[in-house]
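Working notes, beginning with the structure itself.
The values are calculated or read from the model by the stated rules, or taken from the named source; none is laboratory data. On a predicted model such as this, the values are computed, not experimentally measured, just so you know. Because the Cβ atoms are built from the backbone with ideal geometry, glycine has one as well, and the counts that use them run over all protein chains shown. Ligands, DNA and RNA are excluded from the accessible area calculation, which covers all protein heavy atoms including side chains. Shrake-Rupley method; radii C 1.70, N 1.55, O 1.52, S 1.80 Å.
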Amino acid sequence: MISFLRTLTFGLTLSSALAKSTSSTLYATHYSTSSIYTLTLKQSNNTYSLAEASSLKTCGRYPSWITLDASTKTLYCSDEYGWRNAGGTVNGSLTTVNVGEDGSLSEEAVTGTAPGSGVHNIVYEGDGGEKYLAIAHYSGAAVSTYALPLENDADPLQVFEFELDTPGEVPDRQEAPHPHQTFLDPTGSFVLVPDLGADLIRVFAIDKSNGELNACPSLNYTLGGGPRHGVFRTASDSELRIRGRAPGPETVLYVTGELNGEVEAFAVSYPKSGCLSFEQIDTEIPYPSDLPDGASLSEIRLVEDDLYVSVRLDSAFGGDDSLARLSLRQDGKVEFEEISTSGGVLPRTFAINKAGDLVAVGNQLSSTVTIVERDPETGALGEVVAELLVGEPGEPNNLEGLSSIIWNE
């Protein structure tokens with residue numbers, strides 16, 4: 001019996017140790033090197049290590065954003081090269097990359113028909129499971145869509161081009177429309193596009209029969225706010241029925257204003273008109289005080305009742321920048337909680353893993369990917385547990401350095 005217990009105890013101890021040894025894959029894009037990088041994060045007990053597994057030169061001149069369709073093992077990569085202005089129009093590109101069983105990458109298809117300066121893309125679906133891609137084009141002042149799977153030299157399904165009659169409140173940044181993101185509403189029926197240059201959240205209803213987008217009335221954003229990225233929160237039925245508390249809006253949209261440094265919250269409803277309706281319910285600066293001069297907001301992510309925003313160029317942590325955490329109230333309003341380090345300079349983007357215990361931060365100028373611990377119970381962010389220089393550091397005001405980071409999950 002003693003021998004058996006010793007064997008059982010050893011087996012449990014060994015199983016526990018093995019359970020704490022994990023490996024994850026991430027992908028990063030880099031403006032300066034025109035490449036996608038495959039990264040491997042290994043965890044053994046409480047120790048992490050982050051290493052570059054491989055790289056693939058692809059995705060045009062300035063790879064800016066990648067979206068992973070895990071069901072088809074495909075990456076969609078937008079190229080920020082190109083523009084549309086008084087001097088003419090230059091296209092960018094769109095590339096699809098296959099993800100192998102071992103996480104390795106191989107280029108599948110490329111088209112150079114995309115409007116210039118693709119900075120973000122999202123996959124959406126039709127009634128029969130058909131898939132499409134919507135792309136925001138910053139300097140191209142456009143939104144385009146493509147039918148998937150992408151074929152070489154494929155033409156867009158649609159292109160929406162936008163104009164401004166006069167420059168906005170911040171003329172050097174709002175001289176033209178600048179769509180900065182494409183994302184879906186919680187029902188998967190609408191594509192929303194924050195337009196930094198026009199101070200609008202553009203809204204498109206998806207025709208599920210053919211994947212085409214139909215323009216709806218836009219949400220008029222605060223003038224000079226410069227909406228960059230947004231995220232939805234949908235309250236569960238249990239939250240809406242909490243005894244003794246007035247229910248808040250079921251659906252809320254949160255948007256970062258790059259130019260005014262504020263997070264704005266909008267209650268969302270679905271009228272019979274077939275489009276969306278918005279009511280502003282809150283604004284909050286995601287910082288202990290006003291943002292420092294030169295600092296701005298970038299990415300926004302949501303996990304349950306915690307909202308996270310990256311703050312660029314505040315240098316709050318020995319020269320490194322910040323990630324801000326805000327808590328969400330039942331009425332949809334936000335409360336600032338704290339800032340923590342991004343572990344690098346100019347956190348253009350970050351992504352939270354499905355377990356909710358790690359945050360991967362893409363710091364553009366330092367060109368570092370940092371892994372930050374997150375407490376799934378409290379939502380608090382902790383220390384940097386792993387760090388890796390990817391490619392080469394960038395320079396301010398140029399398309400250089402790290403441009404995006406995602407998990408392969």
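Does the range 389-405 hold any residues that are more than 25 Å from Asn121 (Cβ to Cβ), of a type outside the set (D, E, K, R) and either out of contact with any strand residue (DSSP E or B) (no Cβ under 9 Å at 6 or more places or on another chain) or open to solvent by less than 80 Å² (accessible area, probe 1.4 Å) (or both), and which are they?
Pro393, Pro396
Evaluate the range 78-93: report whether one residue or more is of a type in the set (A, V, I, L, M) and open to solvent by less than 30 Å² (accessible area, probe 1.4 Å). Break it down stepwise before answering.
We begin by selecting, within the range 78-93, every residue of a type in the set (A, V, I, L, M); these are 86, 90.
Adding the requirement that they be open to solvent by less than 30 Å² (accessible area, probe 1.4 Å) leaves none.
Within the range 78-93 (the criterion being of a type in the set (A, V, I, L, M) and open to solvent by less than 30 Å² (accessible area, probe 1.4 Å)), the answer is no, since none of the residues qualifies.
Output the number of residues of the range 140-155 satisfying the condition of being open to solvent by 40 Å² or more (accessible area, probe 1.4 Å) and either under 12 Å from His178 (Cα atoms) or not in a strand (DSSP E or B) (or both).
The number of residues fulfilling the criteria is 5.
It is to be established whether one or more residues within the range 216-223 are β-branched (Val, Ile, Thr), touching a residue at least 12 places away in the same chain (Cβ under 8 Å), touching a strand residue (DSSP E or B) at 6+ places or on another chain (Cβ under 7 Å) and within 23 Å of Ala114 (Cβ to Cβ).
no
Name the single residue, out of those in the range 299-353 being farther than 18 Å from Val255 by Cβ and polar (S, T, N, Q), that is farthest from the chain's Cα centre (by Cα).
For the range 299-353, the residue satisfying everything is Gln330.
Could you tell me which residue of the range 264-308 is farthest from Leu346 (Cα to Cα), considering only residues that are among the hydrophobic types (A, V, I, L, M, F, W, C) and without any contact (Cβ under 8 Å) to a residue 40 or more places away in the chain?
Ranking the candidates gives Leu291 first.
Given the criteria open to solvent by 10 Å² or more (accessible area, probe 1.4 Å), closer than 26 Å to Gly60 by Cβ and of a type in the set (S, T, N, Q), does Ser327 qualify?
No: the conditions fail for Ser327.
Just checking: which of the strands (runs of 3 or more DSSP E) contained wholly in the range 24-95 hold 3 or more residues that are more than 16 Å from Leu399 (Cα to Cα) and modelled with pLDDT of 95 or more? Lay out the reasoning, then the answer.
Details: elements: 35-44, 47-57, 63-69, 74-79, 83-85, 88-90.
Here the list reads 35-44, 47-57, 63-69, 74-79.
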